[in-house]
Amino acid sequence: MDIFIILFDDFRTLDVFGPVDVFGEIKEFTLHYCSINGGIIYNSHQVPIMTQSLPLKLPYNSVLFIPGGMGTRLLVDDTVFICWLDKMIAQALYCLTVCTGSALLAKTKRLNGKYVTSNKNAWSWVTSLNNQVNWQEKARWCVDGHLYTSSGVSAGIDMALCFVADLYGKERAIKVANLMEYVWNDHSHNDPFSSSL
């Protein structure tokens, strides 16, 4: 399974590299760091990441992974990026977002009618982008068909472990969490940060 990690300037570090630490332990996954034009992308902490451009046709069994971060504030109004993202989502077997990555999907209309969550610290902004989405306030992550969305930052790790459990069984996800010495919140509705809304 090919996991295409979509990067853009000012993405949030842990949004990406928390889940990547999970995915990297699954031998069936091949990770690709991508951006709309390829080349070097700088995250919110100014770490340079070399990316490749996505192929026009994604291989079978592809997964799109989209983080959040301050970069999403500009990208939601970038019609070229949103159109490109929409075309890529249409080809992917699964699509996973962390934090305000769901804002980008909301702009494509691919989340219309879906049960979705996002970062509670950016809740008002994200949910204002599309009122056709079934935004879930009390959710660490949500799964609706082939779409996985998570709350803020570290919640992406919980979602990534859930994704592994859904594909390969909970025991395997627990093994990965233990290897990381990470306490997995494996209940999607156990969302301690929803009280901040």
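Considering Cα pairs under 8 angstrom that are at least six residues apart, work out the relative contact order of region 1-68 and quote it in whole percent. This gives 47 percent for region 1-68. Between (i) 41, 37, 32; (ii) 101, 29, 26; (iii) 50, 40, 32, which matches Cα extents along the principal axes in Å calculated for the structure shown? Only one listed value fits the structure, namely (i). Structural descriptor for the chain: relative contact order 19 percent, calculated from alpha carbon pairs under 8 angstrom and at least 6 residues apart.
Computed over the chain with a Gaussian network model linking Cα atoms closer than 10 Å, the most mobile of V22, V116, V183 is V183. When only alpha carbons are used to place a centre, region 143-197 and region 52-95 end up 21 Å from one another. Site pair N61 and T79 shows an inter-label distance of 3.9 nm when each label is modelled 7 Å from Cα along Cα→Cβ. You can think of it this way: the chain between E25 and N121 has 31.6 nm of extra reach, that is 0.36 nm per residue less the Cα-Cα gap.
When the chain is treated as a Gaussian network with alpha carbon springs shorter than 10 Å, the biggest mean-square fluctuation among C83, C34, C99 belongs to C83. Among F11, F29, F163, the largest mean-square fluctuation in a Gaussian network model of the chain (Cα springs under 10 Å) belongs to F29. Measuring between their Cα centroids, region 96-125 and region 9-48 lie 19 Å from each other. Loop exposure criterion: trypsin sites (Lys or Arg not before Pro), DSSP state outside H, G, I, E and B, at most 14 other Cβ atoms within 10 Å. Applied to the chain, the longest stretch between such sites is 110-197.
Bear in mind these aren't lab numbers, they're just calculated from the coordinates by the rules spelled out. Note that this is a predicted model, so its numbers are computed, not measured. Counting neighbours? That spans all protein chains shown, and the Cβs are built from the backbone with ideal geometry, glycine included.
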